[in-house]
Amino acid sequence: MKTQYYTATSIDGFIATEDDSLEWLFPLGENNDTGYPAFIAQVGALAMGATTYEWIMRHAAKVGEDMGSVWPYTQPAWVFTHRELARIEGADIRFVQGSVKEVHPKMVEAARSKNVWVVGGGDLAGQFHDAGLLDEAIIQVASVTLGKGKQLFPRRVTSPPWQLLSVRQIGPGFAELRYHLPSGRAASAA
């Protein structure tokens, strides 16, 4: 069981534009052409920030078209927010506030030996990292630059550095980088 940050980013390190748009990502390929199907099969619980959740809500038609459902996850999801957000009918969504460290054990229990996916955004992934709970980052680098926007990982991490596990090409538009994060539980147990 791992807690993983799996995301796509531009070459210059942005996961969304300043106004939270992902339109730049759609022309680059389909989810089924990436490692996503194999990845999601190993996920037992999800964590996401309010901005990611609201993006899914605003783009329900596109999400439904691409993923087959307005809420494309069968796993329970924890949405970290300080606001009241609309619920998606039939989805197992738990709105939470506070420290990721307090919520993480519930996510691990619900995942039932599968992985916990930190869907986004970058700051939420950073909170998991800061708490020593993020084990792995799987970053699909897209063949575009955005110039500015929402950062992939708005933290300085220099010591210990992340350990590159693998690099693979996905079609003509992506390079997938997989990193072990030594500050996670695996490092503290070693």
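The values are calculated or read from the model by the stated rules, or taken from the named source; none is laboratory data. For clarity, every value in this text was computed on a predicted model and none was experimentally measured. Cβ sites come from the backbone with ideal geometry, for glycine too, and all protein chains shown count toward neighbours. When the accessible area is computed, the model is the full protein with side chains, heavy atoms only, and any ligands, DNA or RNA have been set aside. Shrake-Rupley method; radii C 1.70, N 1.55, O 1.52, S 1.80 Å.
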Practice item. Place +1 on the Cβ of every Lys and Arg and -1 on the Cβ of every Asp and Glu in the chain, take the dipole about the Cα centre, and give the residue among Ile56, Ser166, His180 whose Cα lies farthest towards its positive end. Key: His180
Exercise for review: Provide the per residue accessible area, probe 1.4 Å, for the chain, rounded to a whole number of square angstrom.
Suggested key: 51
**Study point:** Qualifying GluC sites (Glu not before Pro) in region 6-81, DSSP loop, other Cβ atoms within 10 Å at most 12
**Key:** Glu18, Glu23, Glu30
**Study point:** Candidates Arg178, Arg156, Arg168: whichever shows maximal mean-square fluctuation once the chain is modelled as a Gaussian network with Cα springs under 10 Å
**Key:** Arg156
Revision key, fill the gap. Expected unfolding gain across Thr145-Asp66 under the 0.36 nm per residue rule, minus the alpha-carbon gap, is 26.1 nm
Check your understanding: Rounded to the nearest 500, what is the chain's calculated 222 nm mean residue ellipticity when only DSSP H runs of at least 4 contribute -39500 (n - 2.57) each, over all residues?
Key -> -7000 deg cm²/dmol
**Study point:** Reach of Lys150 by Cα under 24 Å, taken over lysines that are not fewer than 8 positions away in the same chain
**Key:** Lys62, Lys101
Check your understanding: Which value, in debye to the nearest 20, describes the size of the charge dipole of region 63-174 about its Cα centre when Lys and Arg Cβ atoms bear +1, Asp and Glu Cβ atoms bear -1, and nothing else is charged?
Key -> 260
Practice item. Any chance you could list P(r) for region 74-132, counting all Cα-Cα pairs in 5 angstrom bins from zero, rounded to whole %? Key: 4, 16, 28, 28, 18, 5, 1
Practice item. Between beta-carbons, use under 15 Å as the cut-off and find the net charge around Asp92, counting Lys and Arg +1, Asp and Glu -1. Key: +3
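For the chain, go through all pairs of different Cα atoms, get the mean of 1/r, take its inverse, and jot down that Kirkwood value in Å. Please list the in-between numbers first.
Details: mean 1/r = 0.0590 Å⁻¹.
Taking the inverse mean of 1/r over all distinct Cα pairs, the chain comes out at 17.0 Å.
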Practice item. Can you give me the span-like helices of the chain, meaning DSSP H runs with 15 Å or more of Cα extent along the axis and Kyte-Doolittle mean at or above -0.5? Key: 100-111
Review point. For Ser166, what charge total do you get from the other residues with a beta carbon under 13 Å from its beta carbon, if Lys and Arg give +1 and Asp and Glu give -1?
Key: 0
Review point. Distance from the Cα centre of region 92-154 to that of region 1-77, in angstrom?
Key: 12
**Study point:** Using a Förster distance of 45 Å, the FRET efficiency for Ala41-Asp12 (Cβ separation, nearest 0.05)
**Key:** 0.90
Check your understanding: If you roll a 1.4 Å probe over region 1-157 with all protein chains in place, what percent of the accessible area is carbon or sulfur?
Key -> 49
